[in-house]
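Inspection log for the structure reproduced underneath, given as structure tokens.
The values are calculated or read from the model by the stated rules, or taken from the named source; none is laboratory data. Bear in mind the structure is a predicted one, so any value in this text is a computation, not a measurement. Cβ placement follows ideal geometry from the backbone for every residue including glycine, while neighbour counts extend to all protein chains displayed. Calculation scope for accessible area: heavy atoms of the full protein, side chains included, ligands and nucleic acids excluded. Shrake-Rupley method; radii C 1.70, N 1.55, O 1.52, S 1.80 Å.
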Amino acid sequence: MSEESYIRTGLANLMKGVGGKLYLTSTELIHKSHAINVQRGTVTLDLADIETVERVRNKLLGVPLLKNGLKITTNDGEELRYVVNKASQRGEDIEQAINNEKPNVCDNVRLFVIYYSLLQKQFHMSVIALCGRIFVR
């Protein structure tokens, strides 16, 4: 995938001790490990499979101090934790991409109601016009 198709990229460590980069596209969240890691690989999540995105505190010497973590929970209940820079901005970007991916049910319902009311209004106008013709004669 080319750099232009990424919404956001940045350094991120997967909490299994895997340093790398986190890439956000319009459909996926991808973590690719650095070449110098002992544990290598790529973790790819479809945005449609993400249930929640939370900002969490990471521990420093066993004490939860730094609020530089993201906890991603999938629809299956799997949890992935990342250490990232600007965690709140990263979390907002992921949530926004998720919301853009999912169809907006409220908009669809709103359009249906408008369409239905227009049809109803047109029907009422037709009945009134028909009744007016009947009563005028």
Conditions (1) open to solvent by less than 70 Å² (accessible area, probe 1.4 Å); (2) within 19 Å of GLN89 (Cβ to Cβ); (3) in contact with a helix residue (DSSP H, G or I) (Cβ under 7 Å, 6 or more places away or on another chain); (4) aliphatic (A, V, I, L, M); number of the one not met by LEU22: (3)
Please state which one of LEU14, LEU45, LEU70 is open to solvent by less than 50 Å² (accessible area, probe 1.4 Å), modelled with pLDDT under 90 and closer than 13 Å to GLY91 by Cα. LEU70
